[in-house]
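*Asks:* Below is a structure I'd like to ask you about.
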Amino acid sequence: MAKLTLSIAMGDYDRTRPIHDGQVKIDGVTPVTQLLSPEEMFFRAFRHEAFDVSELSFSSYCVKRSQGTSPYVAIPVFLSRAFRHSSIYIRNDKGIDSPADLKGRRIGIAEWQLTANVWARGILEDYGVTPADIKWVRGGMHTPGRPEKIAITLPDEIDMSAAPEGATLDQMLRDSEIDGFIGPRTLKCFDEGHPKVERLFANGIEAASDHYARTKIFPIMHVLGVRQSLANEHPWLPGALLKAFTQAKAMAQLALSDTSATKVTMPFVEDTLTTARKLIGPEIWTYGVPGNEHVLDTFLDIHHRQGLSERRMKVDELFHPATYEAYSL
């Protein structure tokens, strides 16, 4: 059987690099890999179906999946996971000392459907702050006029306005025209140490660790998607992708544990790894549905309540059937 030549778009991570550089082979596939930013990947995948296999925004995928219009079917390869307590930024001169103080405030976001924003709004709900309690301002972070990747319809109770023409959220936060910002990336004003801009949760690790201890949720941000038409034609392909990406992640985790010479450009790797394992367990970053059902189901619940998925989906609707279980010896 001739191998399939497939375009594969993914981020440049330690857990994807073995696919990109050929250390890990995908059974039956000759990959043409592209290492892209999430914004470019997701825009091209959802607007133009540009890739055979692509890393996907979990939120955007759920929007399309609930509508029955997704060109991709997901594989439970969670290429991005992140705690999002550190994604909420505030002006420190507005009397915002706790999540409850965000009620009635103007908070900037780049897109309503961003997975990080869905999780962050879910975090705020834990503190009694619903999405309807906040006045949302949508716009480009550093470039004016960022559009939503795919069309969405917000619930009637959501107060959303567009940033003024030509304005950026970064400048609006600097000028105190908004009271805060939520997003997966930082704004330049925070990176540059603006004295009036800080995180809502001063100790994000402590807040996230407490949340995990209570919920056992390590939020899922991105999934891997394969064209539905390809999966239909080659039913072995989803399983082959899951196998290869799982092997690539295992290589990354093994390298991370080798602290004779740290593989990442960060101090305290040993201590951080030990802390993460004490909190989460020896397997700190899992792929596959088994063991992640509660994380996936929680997200589906939040996603639907925030008006993004047209119906409350179930976990068993998300992924290709061949990826829910694997053989064992």
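Please treat every number below as a calculation from the coordinates, not as lab data. If you're wondering where the values come from, they're calculated on a predicted model, not measured in any experiment. Ideal geometry is used to build each Cβ from the backbone, glycine not excepted, and the neighbour counts take in all protein chains shown.
*Asks:* Would you work out the charge dipole size for segment 47-125 about its Cα centre, treating the Cβ of every Lys and Arg as +1 and the Cβ of every Asp and Glu as -1, and quote it to the nearest 20 debye? Display every interim value, and only then the final one.
*Replies:* Numbers: 11 positive and 8 negative charges, 49 e Å.
Using Cβ point charges on Lys, Arg, Asp and Glu, segment 47-125 gives about 240 debye.
*Asks:* If you plug each phi of segment 256-271 into the Karplus form 6.51 cos²θ - 1.76 cosθ + 1.60 with θ = phi - 60°, what whole-Hz ³J(HN,Hα) values come out, in order, with x for Gly and Pro?
*Replies:* The phi angles translate into 5, 6, 7, 9, 4, 8, 4, 8, 10, 8, 8, x, 6, 4, 4, 5 Hz.
*Asks:* Run the reach check for residue 3 against lysines, Cα to Cα strictly under 17 Å, same-chain hits fewer than 8 apart removed. What comes back?
*Replies:* Answer for residue 3, where 17 Å is the Cα cut-off: 25, 243, listed by chain and number.
*Asks:* Continuing with the same structure: What would the Debye formula give as log10 I(q)/I(0) at q = 0.12, 0.25 Å⁻¹ for the alpha-carbon point model of segment 101-189, no solvent?
*Replies:* -0.32, -1.46
*Asks:* How many nm separate the modelled label positions at residue 316 and residue 47, each set 7 Å beyond the Cα in the direction of the Cβ?
*Replies:* 3.8
*Asks:* Which angle between 0 and 90 degrees, to the nearest 10, do you get for helix 204-215 versus the longest principal axis of the chain when only C-alpha atoms count?
*Replies:* Helix 204-215 and the main axis of the chain meet at about 60 degrees.
*Asks:* In vacuum, with every alpha carbon of the chain counted as one equal point scatterer, what does the Debye formula give for log10 I(q)/I(0) at q = 0.14 Å⁻¹? Two decimals, please.
*Replies:* Normalising to I(0) and taking log10 leaves -1.20.
*Asks:* Would you grab the residues whose amide H sits under 5 Å from the one on residue 222? Only those 5+ places off in sequence or on another chain, please, with H modelled 1.01 Å from N.
*Replies:* HN-HN under 5 Å from residue 222: 58, 79, 80.
*Asks:* So if I take the centroid of the Cα atoms in segment 199-254 and the same for segment 66-109, what is the distance between those two points in Å?
*Replies:* 17
*Asks:* Could you tally the net charge around residue 3, taking each other residue with its Cβ under 11 Å from the Cβ of residue 3, Lys/Arg +1 and Asp/Glu -1?
*Replies:* Numbers: positive: 25; negative: 27.
Net charge around residue 3: 0.
*Asks:* Moving to a separate point now. Dipole size in debye (nearest 20) for the chain around its Cα centre, Lys and Arg Cβ +1, Asp and Glu Cβ -1?
*Replies:* Values: 37 positive and 42 negative charges, 68 e Å.
Once rounded to the nearest 20, the dipole reads 320 debye.
*Asks:* Could you sort 193-206, 15-28 so that the peptide with the highest average Cβ count within 10 Å comes first and the rest follow in order?
*Replies:* On the way: 193-206: 15.1, 15-28: 17.2.
Result, highest mean first: 15-28, 193-206.
*Asks:* Out of 276, 7, 189, whose Cα points farthest toward the positive end of the dipole of the chain (charges: +1 Lys, Arg; -1 Asp, Glu; placed on Cβ)?
*Replies:* 7
*Asks:* Residue by residue, what Karplus-based ³J(HN,Hα) values in Hz, rounded to whole numbers, does segment 52-59 have, using 6.51, -1.76 and 1.60 with θ = phi - 60° and x for Gly and Pro?
*Replies:* Ordered by residue, 3J(HN,Hα) equals 6, 10, 8, 5, 10, 4, 4, 5 Hz.
*Asks:* Now for a different question. Students often check this: by mean Cβ neighbours within 10 Å, which of 47-57, 250-260, 283-293 ranks highest, and how do the rest follow? Don't skip to the end; give the middle numbers.
*Replies:* On the way: 47-57: 21.0, 250-260: 13.5, 283-293: 15.4.
Peptide ranking by packing, descending: 47-57, 283-293, 250-260.
*Asks:* Specify which residue in the list 290, 73, 143 is farthest towards the positive end of the charge dipole of the chain, using unit charges on the beta carbon of Lys, Arg (+1) and Asp, Glu (-1), about the Cα centre.
*Replies:* The residue sitting most towards the positive pole is 73.
*Asks:* Another question, then. I need the trypsin sites (Lys or Arg not before Pro) found in segment 265-329, filtered to DSSP loop residues with at most 12 other beta carbons within 10 Å of theirs. Let's see the in-between values first.
*Replies:* Details: sites: 277, 278, 305, 311, 312, 314; in loops: 311, 312, 314.
Those satisfying the criteria are 311, 312, 314.
*Asks:* Tell me the label-point distance for the pair residue 229, residue 40, using the 7 Å Cα-to-Cβ offset, in nm and rounded to one decimal.
*Replies:* My value for the distance between the label points is 2.5 nm.
*Asks:* Work from the charge dipole of segment 212-270 (Cβ charges, +1 for Lys and Arg, -1 for Asp and Glu, about the Cα centre) and give the residue of 213, 252, 241 farthest towards its positive end.
*Replies:* My answer, from the dipole projection, is 213.
*Asks:* Across segment 131-144, in residue order, what do the Karplus-derived ³J(HN,Hα) couplings come to in whole Hz, using 6.51 cos²θ - 1.76 cosθ + 1.60 with θ = phi - 60° and x for Gly and Pro?
*Replies:* My calculation for segment 131-144 gives x, 6, 7, 10, 9, 8, 10, 9, x, x, 5, 10, 10, x Hz in order.
*Asks:* Go ahead and collect, in residue order, the members of segment 162-192 whose backbone nitrogen is under 13 Å from a label point 7 Å along the Cα-Cβ direction of residue 143.
*Replies:* none
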